[in-house]
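Engineer: Take this structure first; my questions come after.
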Amino acid sequence: MKNSKPNVEAKGTVEGKYILWLFIIDNQPHSARAVLNIRTICEKHLKGRYELDIFDLDQQPALALSEDIIAVPTLIKKFPLPEMRLIGDLSNTETVLEGLNFF
């Protein structure tokens, strides 16, 4: 898990990659499921074309405010634009793929 503030500018320069940020609270079951589900989805549908950063809001509570996180887990697709958000354990693969425009 990341312990620093996200840096969009540096990561956004990677051509053709999906940049995903997952905000969790580490000791919550929904968060654990979200981590497993998004890793599975990415490895199946975006293998070699994604960067996934996971941020624990217990360790970095200020990120909730700076990134406008109102619920956890929250997944943000930073790149490619447009930025998209999904809230929940990401268990419905089809919904995740459609919601983040992976197609």
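Throughout, read-outs are computed from the coordinates displayed, never taken from laboratory work. Owing to the predicted nature of the structure, the values given are computational and were not obtained by experimental measurement. Cβ: placed from backbone, ideal geometry, glycine included. Neighbour counts: every protein chain shown.
Engineer: Run the quick spin-label model on residue 87 and residue 59: label points 7 Å from Cα toward the beta carbon, then report their separation in nm to one decimal.
Structural biologist: With each label point 7 Å from Cα toward Cβ, the separation is 2.5 nm.
Engineer: Going by amide H atoms built from the backbone, whose H comes under 5 Å of the H on residue 51, apart from near neighbours?
Structural biologist: 18, 19, 20
Engineer: If a paramagnetic tag sat 7 Å from the Cα of residue 44 along the Cα-Cβ line, which residues of segment 76-90 would have the backbone N under 20 Å from that point?
Structural biologist: In segment 76-90, the label zone of residue 44 (backbone N under 20 Å from the point 7 Å along Cα→Cβ) covers 76-77, 86-90.
Engineer: Another one. By counting other Cβ atoms within 10 Å of each Cβ, how are 89, 68, 58 ranked from fewest to most?
Structural biologist: On the way: 89 18, 68 10, 58 14.
In increasing order of surrounding Cβ atoms, one gets 68, 58, 89.
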